[in-house]
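Notes follow the structure.
The values are calculated or read from the model by the stated rules, or taken from the named source; none is laboratory data. None of these values were measured; they are calculated from a predicted model. When we count neighbours, we look across all protein chains shown, and the Cβ atoms used for this are built from the backbone with ideal geometry, even at glycine.
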Amino acid sequence: MSDVDQPVAHPPVTDWVHDFDHTDPQWTEDPFPIWDELRAASPVVHTKRFLGCYLPTTYEAVREIANDTEHFSSRRIIVRDVRPEITSKNAAPPITSDPPEHKPAKQLLLPPFTPDAMKKLEPRVRAICNELIDDFIAEQRVDAAARYTKHIPVRAIAHMLGIPESDSDLFINWIHMILELGIRDESKLLQAVQEMTAYFGGHIEARKSKPSDDLISYLMNARDKNGNPLEDTHVMGSLRLLLIAGIDTTWSAIGSSLWHLAKTPADRERLIAEPGLIPTAVEELLRAYSPVTMAREVVKETTVSGCPVKPGNMVLLSFPAANRDPKMFPDADKVVIDRRENRHAAFGLGIHRCVGSNLARMEMQVALEEWLKRIPDFRLDPAGTVTWSQGTVRGPRQLPFLLGEAM
Amino acid sequence: MAERLKVRVDPDKCQGHARCKALAPELFELDEYGNAHAAGDGTVPPGLEDKAWLAKSNCPEIAIDVIEE
């Protein structure tokens, strides 16, 4: 690697309204007051960082942009320091696709992720959760991120793709390189993409002589509307997407949920007493601690909630900030564990609705059910520090708990 | 006599969040892509009115209508 690619440090933010930076440590640690400040200033704010980027701060502005594929393209979906030339139309379809290519690419991925398909996967996820819990339940001090939340989604998606669950650490490292280090250091991102391509290349090759009943074979056997197989780069792009999108997003959501329950005994006790409320609670935890911020690129001049937006800029599409908009959600800053009306946008809005939303919901529900069944008493370890991931996906990466009633 | 309700899903707005199916499984069905439509002709059987309103108020795409007949 050359020294030229070394990441550039970002100056600290002193004026959030005109100079926001979602990679700033203050944002990483506690973004909620920042979003409130920005929302009070304008429905759309702008920063010169990242070569120019807007941030819609209200639910309505986020919805407008998510539903407007004419002025906002998904060809770039991560806001970064650099904006390299786009060389492939198959970066990670359908998430990086615009109409008209988007629909067929999306429809291809939907059938394996319906709620019914997820019911079939549920016993495996329940077993994964219990295997993980078996491993640490006798201990008093446990990092729940390192020992539990981190492993559940990666093993579940590996199981679906038909790749060894034991390769999990490899996948987790690629994702860290792409979604976190890659924001400031292009070389890390490219290296991870190369390694993933080589890895999946091997699995695709193996299935040419010996097809299997998994998502990789499903994509290899898929046909477009003219009956032609997908281009290799399309198969590879979709596999990359499924691996990247399916892992640290749900890991983050499960982690934030346990973090909330660790510091909120009343909610924890209620869910233990009324396990039937867990699906409702999952929706509220998704709203309050939405992990995923997406991005768009402005391709045509327009206005959003009355604010002008100009081509050449990126848009940080903050579903998490939308979900904290008090105009949309009464008591938006509180976790109301039995909230009945909840049109949260944690999985996006419009045509790019997360293809794995049913998988994520099932994983969150099962992970919380199994944890609460076996570990009803837990709290944050005052001797430890909770740390949060930086950038596009937000969740606890270190989650020190004390288990049991002791101490 | 109490008024009868009907549910309807706008297929152009539905993006397959499947919240309606989770909250009111008796009133909605999903196709092979996970997109929703009303079960049968959408008539809400007596006793399920609350579920119909709940499904409507949780649809992120505002794709569900509850019609009072």
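Could you please find all residues in the stretch A:154-187 being under 19 Å from the mean Cα position of the chain (by Cα), of a type in the set (A, V, I, L, M) and surrounded by 18 or more Cβ atoms within 10 Å (Cβ to Cβ)?
Hits for the stretch A:154-187 are A:Val154, A:Ala156, A:Ile157, A:Ala158, A:Met160, A:Leu161, A:Ile175, A:Met177, A:Ile178, A:Leu179, A:Leu181, A:Ile183.
How many residues are among the hydrophobic types (A, V, I, L, M, F, W, C) and outside any helix (DSSP H, G or I) when one looks only at the stretch A:49-87?
8
Enumerate the pairs (first residue in the stretch A:102-120 and touching a residue at least 60 places away in the same chain (Cβ under 8 Å); second residue anywhere and of a type outside the set (Ser, Thr, Tyr) and surrounded by fewer than 14 Cβ atoms within 10 Å (Cβ to Cβ)) with beta-carbon separation below 7 Å, excluding pairs fewer than 6 apart on the same chain, so at least 6 apart or on different chains.
A:Pro104/A:Asp224; A:Pro104/A:Lys225
As an exercise: evaluate A:Asp224 against (1) modelled with pLDDT under 90; (2) exposed (fewer than 11 other Cβ atoms within 10 Å of the Cβ) and give the number of the one condition it does not meet.
(2)
Could you list all residues from the stretch A:144-173 that are β-branched (Val, Ile, Thr) and out of contact with any Lys or Arg (no Cβ under 8 Å at 6 or more places or on another chain)?
A:Thr149, A:Ile152, A:Val154, A:Ile157, A:Ile163
Can you spot a residue in the stretch A:136-150 that is in a helix (DSSP H, G or I) and within 14 Å of another protein chain (Cβ to nearest Cβ)?
no
What strands (runs of 3 or more DSSP E), lying completely within chain B, carry at least 2 residues that are of a type in the set (Ser, Thr, Tyr), under 11 Å from the mean Cα position of the chain (by Cα) and within 14 Å of chain A (Cβ to nearest Cβ)?
Of the strands (runs of 3 or more DSSP E) lying wholly inside chain B, none has at least 2 residues that are of a type in the set (Ser, Thr, Tyr), under 11 Å from the mean Cα position of the chain (by Cα) and within 14 Å of chain A (Cβ to nearest Cβ).
What about A:Glu205, is it among the acidic types (Asp, Glu), at pLDDT 95 or above and under 28 Å from A:Leu110 (Cβ atoms)?
When the stated conditions are applied, A:Glu205 does not pass them.
Hey, among the residues in the stretch A:208-221 that are farther than 19 Å from A:Leu170 by Cβ and within 29 Å of the chain's Cα centre (by Cα), which one's surrounded by the fewest Cβ atoms within 10 Å (Cβ to Cβ)? Can you show your working first?
Restricting attention to the stretch A:208-221, the residues satisfying the condition of being farther than 19 Å from A:Leu170 by Cβ are A:208-213, A:217-221.
Then drop every residue that is not within 29 Å of the chain's Cα centre (by Cα), which leaves A:212-213, A:217-221.
Values: A:Ser212: 13, A:Asp213: 7, A:Ser217: 18, A:Tyr218: 19, A:Leu219: 23, A:Met220: 18, A:Asn221: 11.
The qualifying residue surrounded by the fewest Cβ atoms within 10 Å (Cβ to Cβ) is A:Asp213.
Tell me, which residue of the stretch A:96-131 that is assigned to a loop (DSSP other than H, G, I, E, B) and away from chain B (no Cβ under 14 Å) is surrounded by the most Cβ atoms within 10 Å (Cβ to Cβ)?
Checked the stretch A:96-131; the qualifying residue surrounded by the most Cβ atoms within 10 Å (Cβ to Cβ) is A:Ser97.
Given the conditions (1) touching a residue at least 40 places away in the same chain (Cβ under 8 Å); (2) of a type outside the set (D, E, K, R); (3) surrounded by fewer than 20 Cβ atoms within 10 Å (Cβ to Cβ), and given that A:Pro229 satisfies all but one, which numbered condition is not satisfied?
Evaluating A:Pro229 over (1) touching a residue at least 40 places away in the same chain (Cβ under 8 Å); (2) of a type outside the set (D, E, K, R); (3) surrounded by fewer than 20 Cβ atoms within 10 Å (Cβ to Cβ) leaves (1) as the failure.
Answer yes or no as to whether A:Pro320 is under 26 Å from A:Leu179 (Cα atoms), part of a loop (DSSP other than H, G, I, E, B) and not hydroxyl-bearing (Ser, Thr, Tyr).
No; evaluated as a whole, the condition is false for this residue.
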